[in-house]
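Written below as structure tokens is the structure these notes are about.
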């Protein structure tokens, strides 16, 4: 059986397959040319999904990623986690939720602690006293994970195993000081997922091709800037209709003027001065007018697409299939709200 044409494959998902063996490929070439004329006017866009959200607000995804990394770092979820540079080596029993006295056996975040267990202390009134401590019946001591200034780095991550509030959470250490000095520099621990975004699976048009992603994509952004999320062709768009999702490290809102790409969202990264002092985090995600929702293209334009798809009238030959006249198309497109 012959292959279906590209935009035809996109529309048959919506309307159902209208396949007539033997002569239908010529019909579809006609449909293909008609649709390309229309899409040249409207541009690329999103048919379904491709929602861009803050990963810090997607708890189920966080758990799945953490479990995937812990169970099998080489697996799909484990690799997605590692690709965000979130792979950690430090694990503690629990984490504080308020200022505490750094001495004696006590219950923290619902966990009754015993001597020798490790705790992430992150809420001290004097932030210089924050860090990782070893529980003792007397005075607590800083754990070897972070008991000297040289142990600290810009991607210092701590995984918390248990607790009423902090079970299965990942924290990143930050300081505003250029040179970190343990016990002197103010040290803060924030949710590492604050820097991450999630892009759900979805479908749409990339260039003039039907495009989709079957898997969720995750990204971590660390530098203050406004970033842009795009659907791009990838390696198998033409053969399998699978595209890629990307956030270029060098942001450019005109990225689609010199490469094939469909705009999905802009992501603003910076410091939220109301909640933290030193961690760049995802402040906002906006779609704006640049994101085109193909489902909102109603009226005569949508009807023209549907008719072109359903009727399959072959008015030319395989070497010169007919096209919609631009003058006729533009008059109808202008009515789309």
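FYI, it's all coordinate maths here, none of it is from the lab. Please read these numbers as outputs of a predicted model, since none were measured by experiment. Here the Cβ positions follow ideal geometry from the backbone for every residue, glycine too, while neighbour counts run over all protein chains shown.
Inter-label distance, residue 63 to residue 273: 3.8 nm, where each label sits 7 Å from its Cα along the C-beta direction.
For region 57-195, the relative contact order is 21 percent, taking Cα pairs closer than 8 Å that sit 6 or more residues apart in sequence and dividing their mean separation by the residue count. The distance between label points at residue 51 and residue 168 comes to 2.0 nm (points 7 Å beyond Cα on the Cα→Cβ vector).
For the residues 283, 65, 120, what sequence is obtained by ranking on other C-beta atoms within 10 Å, fewest first? Intermediate values should be presented prior to the final figure.
Working: 283 15, 65 25, 120 30.
Ranked by crowding around the Cβ, least crowded first: 283, 65, 120.
Summarising the strand pairing of region 57-195, around 80 percent of its internal DSSP beta bridges are antiparallel.
May I ask you to list the residues of region 40-80 whose amide nitrogen lies under 18 Å from a point 7 Å from Cα along the Cα→beta-carbon direction of residue 257? Backbone N within reach: 43-44.
I need 187, 102 ordered by Cβ neighbour count within 10 Å, fewest first. Kindly include the intermediate steps, with their values, before the conclusion.
On the way: 187 26, 102 18.
Sorted ascending by nearby Cβ count, the order is 102, 187.
Between residue 139 and residue 125, the modelled labels are 1.9 nm apart [label points 7 Å from Cα along Cα→Cβ]. Computed from the alpha carbon positions, the gyration tensor of region 69-170 leads to an equivalent ellipsoid with semi-axes of 26, 16, 12 Å, biggest first.
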